[in-house]
């Protein structure tokens, strides 16, 4: 269980995340949605233990996130972060060296599925290939929590399907998946819950199918409703 | 920890290989000069070796500070900080690998220099003048130059350099944490670097006196002084990284 | 598959599977994919996929053999019933739209007959 208790992060007087409380439970895929710059990345980085909250605390299984929790929480940043000298194979070896839960077989399988060659240099990869590599190497870990920051950013339709497939395949009873995006439609069918974030605040958490069953609106409609001004309601 | 050190080496081996190539080149030149009794050639070799030693040690140290800066200020920082390793381990592996490299290459250059001097002594009989010259370059004291004092001077120089590199790490970390977002953070951390270096120099002179005297007591206490300082600087730097660094 | 924005996704997947069964793209008694594979196939949440099978089972279209997986029913009458239900659904939609256009049932029937 990953819980955020009134977490706030300020950068030089600018508030990136403002008092966000959240609870993510195993067995679900969550979407974290909001416009660019709304605070999604900052919250994820705090949960990954890469930056420290100004106030509040994020706990994984009732313990504040720390170096130890990085063993169970896999974080994928939206920007490419591999060393310049690395080939795809080197990236796999690096994860293999540092993460006990990394499986080289799983990584190799995903590379085949995604049509990536191990001897390719990371520097020479297209943005779509790089996005696939990041997902492959992150998902090849058998982690308890996966946090993928904008995994669908700047990739084509086919790569998008491959990434979504990898996400679906790795969901499980004991796993938490959190995927951020500023594109709502892309994720709607894949996630159980959507966390809406706006201007560094938590707007609300919605259950996707419940929205359709009870309010007859899709997630995208809800998004427009909250972030835009359009009034959208449905007759069931 | 070993894995971290492995990747630290991977980041800097090109630079280190470069230094090694230069060394090999000038050493071959020296040997060729000595065995063909061509003084012009081997003196260029000696000059090249001295230059490579100074520049090599300098570059390895400065480059490692540059790597640390890249490792905490660019997106590549995730590579280190997403792994389940504390800042103490991450910085520790850098100190051990890079400072170890400086130390080992320092020792290597010293051993090489001594071997070369021995060769010279065998090949040329009237070599005292040259050794005096080398002694003057290294110690500034014509009479004091022996193999023993040579080792002491070398060890001393290498260790004080190792400690200075760690001060450089501290400055980079201060720049990225406490001064993060400050317009003049680069300049301020450079000033911090200079101030710390000068203060420690004063402390050193206060403890050991301004004049350099070669003795084993002096050697041991000097080594102790720099090792303790390096450890203190390391802990301060790692503590700041662990508690204040956002990547 | 594209999902429309009003109906729950699990219901849209159920309809798609039923259509496959009616058209014999999936035969009676045939084994259906695991819910995880179904999720991948339709790009849906695995919990939604599980719900699809629960509903199909509740309606008697599918049944689960313990440890073997989910199978389509052998009961032909059940499938006929499905077809009827879905046809009725289409008709209701059609009638609703046509009445919104102000066309009477009789006119509509005439139009169906003359439309190629």
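The values are calculated or read from the model by the stated rules, or taken from the named source; none is laboratory data. As the structure is a computational prediction, the values presented were derived from the model and not from experiment. Because the Cβ atoms are built from the backbone with ideal geometry, glycine has one as well, and the counts that use them run over all protein chains shown.
The residue list A:126, A:180 contains one member that is closer than 21 Å to residue B:75 by Cβ and surrounded by fewer than 17 Cβ atoms within 10 Å (Cβ to Cβ), which is A:126.
So that you can scan it fast, the table gives a plain yes or no per residue for (1) touching a residue at least 12 places away in the same chain (Cβ under 8 Å); (2) within 14 Å of chain A (Cβ to nearest Cβ); (3) surrounded by fewer than 16 Cβ atoms within 10 Å (Cβ to Cβ); (4) in contact with a helix residue (DSSP H, G or I) (Cβ under 6 Å, 6 or more places away or on another chain):
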position: C:1; (1), (2), (3), (4): yes, yes, yes, yes
position: C:17; (1), (2), (3), (4): yes, no, no, no
position: C:57; (1), (2), (3), (4): yes, no, yes, no
position: C:60; (1), (2), (3), (4): yes, no, yes, yes
position: C:73; (1), (2), (3), (4): yes, no, no, no
position: C:106; (1), (2), (3), (4): no, no, yes, no
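Checking each residue in region A:94-105 for being crowded, with 16+ Cβ neighbours inside 10 Å and out of contact with any strand residue (DSSP E or B) (no Cβ under 8 Å at 6 or more places or on another chain) picks out A:94, A:98.
Checked across region B:43-50, the condition of being without any contact (Cβ under 8 Å) to a residue 40 or more places away in the chain, in a helix (DSSP H, G or I) and in contact with a helix residue (DSSP H, G or I) (Cβ under 6 Å, 6 or more places away or on another chain) holds for at least one residue. Among helices (runs of 4 or more DSSP H) entirely within region A:1-118, having at least 3 residues that are more than 16 Å from the chain's Cα centre (by Cα) and either more than 10 Å from chain B (Cβ to nearest Cβ) or modelled with pLDDT under 95 (or both) singles out A:88-98, A:104-113.
With respect to (1) crowded, with 18+ Cβ neighbours inside 10 Å; (2) more than 9 Å from chain C (Cβ to nearest Cβ), the lone exception for residue A:192 is condition (2). Among the residues of region A:200-217 satisfying the criterion of being in a loop (DSSP other than H, G, I, E, B) and modelled with pLDDT under 90, which is nearest to the other protein chains (Cβ to nearest Cβ)? Only one residue fits best here, namely A:216.
What number goes with the only condition from (1) more than 14 Å from chain A (Cβ to nearest Cβ); (2) touching a residue at least 40 places away in the same chain (Cβ under 8 Å); (3) assigned to a helix (DSSP H, G or I); (4) surrounded by fewer than 20 Cβ atoms within 10 Å (Cβ to Cβ) that residue B:37 does not pass? It is condition (3) that residue B:37 fails. Among the conditions (1) assigned to a helix (DSSP H, G or I); (2) in contact with a helix residue (DSSP H, G or I) (Cβ under 7 Å, 6 or more places away or on another chain), the only one that residue B:115 does not satisfy is (2).
If you filter region B:197-239 down to residues that are at pLDDT 85 or above and more than 17 Å from the chain's Cα centre (by Cα), you find that the one that is farthest from residue B:163 (Cα to Cα) is B:239. Can you find even one residue in region B:68-88 that is over 23 Å from residue B:163 (Cβ atoms), assigned to a helix (DSSP H, G or I) and more than 14 Å from chain A (Cβ to nearest Cβ)? For region B:68-88, residues over 23 Å from residue B:163 (Cβ atoms), assigned to a helix (DSSP H, G or I) and more than 14 Å from chain A (Cβ to nearest Cβ): absent. Just to be sure, is residue C:87 buried (at least 16 other Cβ atoms within 10 Å of the Cβ) and modelled with pLDDT of 90 or more? Criteria not met by residue C:87. Within region A:142-173, the set of residues being part of a loop (DSSP other than H, G, I, E, B), within 13 Å of another protein chain (Cβ to nearest Cβ) and surrounded by fewer than 20 Cβ atoms within 10 Å (Cβ to Cβ) comprises A:172, A:173.
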